[in-house]
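Inspection log for the structure reproduced underneath, given as structure tokens.
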There are 2 protein chains.
Amino acid sequence: MEHRIEKIKKQLQSQSYKLTPQREATVLVLLEHEEDHLSAEDVYLLVKEKAPEIGLATVYRTLELLNELEVVDKINFGDGVSRYDLRKEGANHFHHHLVCMECGAVDEIQEDLLGDVESIVERDFQFKIKDHRLTFHGVCHRCQTEDTAAASETEETEYSSK
Amino acid sequence: MEHRIEKIKKQLQSQSYKLTPQREATVLVLLEHEEDHLSAEDVYLLVKEKAPEIGLATVYRTLELLNELEVVDKINFGDGVSRYDLRKEGANHFHHHLVCMECGAVDEIQEDLLGDVESIVERDFQFKIKDHRLTFHGVCHRCQTEDTAAASETEETEYSSK
DNA sequence: GTTGGTGCAAAGAATTTGCATGCTT
DNA sequence: AAGCATGCAAATTCTTTGCACCAAC
């Protein structure tokens, strides 16, 4: 984790930006919640625990900066807010998402599944791909099993609830 | 086109909604601009030409209704506004998009390129896929040729989020 | 002492909602 | 008359901006 902060710090400094305490706190929050997909407001509330005096505008400004530096990706699942997702180290592609339409859970797929598809698109459409967004909407494994359990609502044996 | 309006009308009526003049005008605009990716404001301005008394709120309400009926898909390219895309007739998958980072043009890919990928995802992640969103960000053919022609220009069209 | 960064409040933009009125049945 | 649908304006929500102040080089 130290290592990643250092790396980001260098990245900032190379473009003559500073890693201020507020920016550091924001990056820390993102690192600690790498699997989540936090909105700016979410980040703000979490950063406030470390640095109570921070303002929401600073969080927005920091997230925008990190987005420009390609440290985070700004994503949108269609619920009206932007969410910020830390880029994985060494990832040369943006990961994919699975959004459950029932419980709202968002899982990530790290593998690159689009290699072949991108070759086809670049060739057939003469479009130079720089980035992609792939999100599947459907029903996650957890909700599928719950659904079948509820659907056959006879005396189904209850598993331990999470 | 008549045919498609009729179909949508039936779809509305089957759920006891009415095809009011405002709704009809809105659907017509969507049909006439099937290749575009209009924002609510865009639709509003175009509908106003047919039905000048319409209000923006009605357009929003109509688009939301059409979205629920799966007549249109609501999409978001990360520029802060929702866009509405008419579903193709008989399309059993949501088409893909190519967004040019230079000129902002949005092209569509109708072919389904994700069949194999979806099989893998359903198997490996036990996730039941209902829908998908796939967007490539990059440089379209037009801009690529322009770029090489005028490589030192200082143009820049709008696309970035304000 | 510039310069960049911050906090706060105000402004802006996109979308939603409350409500009185209007159509349709 | 009953109820959905509409237009308008006000309200909400998310995000950006203006500005005075602070800190670091």
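Along the range A:95-105 the Karplus relation, 6.51 cos²θ - 1.76 cosθ + 1.60 evaluated at θ = phi - 60°, assigns HN-Hα couplings of 6, 9, 10, 10, 9, 7, 6, 9, 9, x, 4 Hz to successive residues, with x for each Gly and Pro.
Quick one: which of A:Lys48/B:Lys74; B:Lys9/B:Lys130; A:Lys130/B:Lys50; B:Lys48/B:Lys74; B:Lys18/B:Lys128; A:Lys130/B:Lys74 span more than 29 angstrom between C-alpha atoms? Long pairs (Cα-Cα over 29 Å): A:Lys48/B:Lys74; A:Lys130/B:Lys50; B:Lys18/B:Lys128.
The charge dipole of the range A:4-144, taken about its Cα centre with unit charges on the Cβ of Lys, Arg, Asp and Glu (plus for the first two, minus for the last two), comes to roughly 600 debye.
When DSSP beta bridges are limited to those with both residues in chain B, what percentage is antiparallel, rounded to the nearest 5?
Rounded to the nearest five, the antiparallel share is 75 percent.
With all protein chains kept in place, the per residue accessible area of the protein assembly as shown amounts to 57 square angstrom at a probe of 1.4 angstrom. With a 10 Å cut-off around each Cβ of B:136-143, the average count of Cβ atoms from other chains is 6.
Annotation for the A:B interface, with buried accessible surface near 2800 Å², both sides summed [1.4 Å probe; non-protein components not counted].
Looking at the range A:7-78, the trypsin sites (Lys or Arg not before Pro) that sit in a DSSP loop and have at most 13 other Cβ atoms within 10 Å of their own Cβ are A:Lys18. Mean residue ellipticity, 222 nm, helices only, chain B: the sum of -39500 (n - 2.57) across DSSP H runs of n ≥ 4, divided by residue count and rounded to 500, is -13000 deg cm²/dmol.
Near B:Asp112, no amide H atom lies under 5 Å from its own; only residues 5 or more places off or on other chains count, and H is placed 1.01 Å from N.
Take A:138-144, A:35-41 and order them by the average number of nearby Cβ atoms within 10 Å per residue, most first; the result is A:138-144, A:35-41.
For the range B:35-43, putting each phi into the Karplus relation 6.51 cos²θ - 1.76 cosθ + 1.60 with θ = phi - 60° gives couplings of 7, 8, 10, 7, 7, 4, 4, 4, 4 Hz, in residue order, rounded to whole numbers and with x for Gly and Pro. Across peptide B:110-119, the mean count of Cβ atoms from other chains lying within 10 Å of each residue's own Cβ comes to 3.
Counted over chain B with a bin width of 10 Å, the fraction of Cα pairs per bin, in whole percents, is 9, 31, 31, 21, 7, 1. Around the amide H of A:Glu102, modelled in the peptide plane, lie the amide H atoms of A:Cys140, all under 5 Å away and 5 or more residues distant in sequence or on another chain. Note on the protein assembly as shown: Rg/Rh from C-alpha atoms, Kirkwood Rh, equals 1.00.
The values are calculated or read from the model by the stated rules, or taken from the named source; none is laboratory data. All values derive from a computational prediction rather than experimental measurement. Every residue, glycine as well, gets a Cβ built from its backbone with ideal geometry; the counts of neighbours run over all protein chains shown. For the accessible areas, the whole protein counts, side chains as well, though only heavy atoms, and no ligand, DNA or RNA atoms are used. Shrake-Rupley method; radii C 1.70, N 1.55, O 1.52, S 1.80 Å.
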